[in-house]
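For reference, the structure discussed in these notes is given below.
The values are calculated or read from the model by the stated rules, or taken from the named source; none is laboratory data. Treat the numbers as computed from the prediction; the structure is a model and nothing was measured. Note: ideal-geometry Cβ built from the backbone for every residue, glycine included; neighbour counts use all protein chains shown. To get the accessible areas, we keep the full protein, side chains included, count just its heavy atoms, and leave off ligands, DNA and RNA. Shrake-Rupley method; radii C 1.70, N 1.55, O 1.52, S 1.80 Å.
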Amino acid sequence: MKVITNISLWQKTRQNLPFDKTLGVVMTMGALHKGHLSLIEQSKKQNDFTLVSIFINPTQFNNQDDLAKYPKTWDQDIALLEAADVDFLFAPCFDEMYPDDYRYKITENSFSQILCGKSRPGHFDGVLTVVMKLLQLAQAHRAYFGEKDYQQLHLIKQMVKAFFISTKIIGCPIIREEDGLAFSSRNIRLSKTAREKARLFAQMFHQNQPLEAIKAMFEQQDIEIDYLEAHCNRRFAAVLIDGVRLIDNLELKK
Ligand code: AMP
């Protein structure tokens, strides 16, 4: 695997890839787990080359403490990516990614204002801006995003349409631990008791009950709710468990 931290070096590498070969990109913030690996597997199946990016994007964090505590497992990530037979890892620093110091940004003003966007002001501006930058740099045929971040996936699909970007956006299913909790980089931060609460959160969230009943179950377990809502035949939740923010979503049966 070729590890590249410098934008001009990546651009040269990209230009030198054979014209008739395809490239898939998987964008991550590191602390890799099976959810990320499923995206990589999908990209490897559908493309000749796979590029993974690791960049903890500060502009999408509205909470500085969350940014400071975001897990970093660089050596383990490299080993996982090597084992997954990834071709390129792009891991730029802030100054490379933001030569404008974030004076320019992408803002969506409808769907980004609810759910995660409502409780994390500016979050989706940061996400959409960094994804746009990475799409421009990758010049990939396909980009893979998880349904775990469903609102993000939807916003990216719409952004690509709005700006005539030719990369195809591919949504991938949520990968869960055996007990039903969705894999997340933040899960590392859960203590043993918080991890047990997180399991209850995932199980209660999946119950075929009205939102009010699920809300009552969360409250009984002392799970702090950020939101629990249904939109477009999908249920969405964000909760705080011992200060760690977890999200989940599922399609509702018709
Ligand atoms: P992150 O590193 O958290 O920014 O995530 C990078 C990509 O991996 C995003 O497209 C996420 O939606 C996706 N992802 C994260 N966790 C999961 C999961 N449990 N299942 C599927 N995709 C995931």
Residue-wise HN-Hα coupling along segment 80-90, computed from phi with Karplus coefficients 6.51, -1.76, 1.60 (Hz; x: Gly, Pro)
5, 5, 4, 5, 7, 6, 6, 7, 9, 10, 10
Determine which aspartates and glutamates satisfy two conditions relative to Lys34: a Cα distance under 19 Å, and not lying fewer than 8 residues away in the same chain.
Asp75, Asp77, Glu82, Asp85, Asp87, Glu147, Asp149, Glu177, Glu178, Asp179, Asp248
If one takes the longest principal axis of the Cα atoms in the chain, at what angle in degrees, from 0 to 90 and to the nearest 10, does the Cα axis of helix 150-162 lie?
40 degrees
Treating the angle as unsigned and between 0 and 90°, give the value, to the nearest 10°, between the Cα long axis of helix 211-220 and the longest Cα principal axis of the chain.
80 degrees
From DSSP H assignment alone, runs of 4+ in the chain each adding -39500 (n - 2.57), the sum over residues rounded to the nearest 500 puts [θ] at 222 nm at -11000 deg cm²/dmol
Once the other residues with Cβ under 11 Å from the Cβ of Asp125 are scored (Lys, Arg +1; Asp, Glu -1), what is the net sum?
+1
Take Ala83, project a point 7 Å from its Cα along the Cβ direction, then tell me which residues of segment 29-61 have their backbone nitrogen under 12 Å from it.
32-34, 37
Count charges around Gln209 for me, please; just the other residues with Cβ under 11 Å from its Cβ, Lys/Arg as +1, Asp/Glu as -1.
+1
For q = 0.12, 0.15, 0.17 Å⁻¹, what log10 I(q)/I(0) does the chain give under the Debye formula with an equal point scatterer on each alpha carbon and no solvent?
-0.73, -1.14, -1.44
For Asp20 paired with Gln139, estimate the spin-label separation in nm (one decimal), with each label point 7 Å from Cα along the Cα-to-Cβ line.
1.9 nm
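Would you kindly state how much longer the chain becomes between Lys215 and Phe163 on full extension, computed as 0.36 nm times their sequence separation minus their alpha carbon distance, in nm to one decimal?
Gain on stretching Lys215 to Phe163: 14.8 nm.
Using 0.36 nm per residue of separation minus the Cα-Cα distance, give me the extension gain between Thr73 and Cys93 in nm, one decimal. Please list the in-between numbers first.
Working: separation 20, 0.36 × 20 = 7.20 nm, distance 1.60 nm.
Contour length minus the Cα-Cα distance gives 5.6 nm.
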If you stretched the chain out fully between Gln203 and Arg234, how much longer would it get, using 0.36 nm times the residue separation minus the C-alpha to C-alpha distance?
9.5 nm
Rounded to the nearest 5, the percent of antiparallel DSSP beta bridges in segment 1-100 equals 0 percent
Estimated FRET transfer efficiency (Lys253, Lys192; beta-carbon r; R0 30 Å; 0.05)
0.35
Ordering Thr5, Thr167, Thr73 by accessible area with a probe of 1.4 Å, largest first, what comes out?
Thr5, Thr73, Thr167
Which lysines have a Cα less than 23 Å from the Cα of Lys21, not counting those fewer than 8 places away in the same chain?
Lys2, Lys12, Lys44, Lys45, Lys133, Lys168
Based on the Cα coordinates of segment 66-183, what is the per residue volume of their convex hull in Å³?
151 Å³
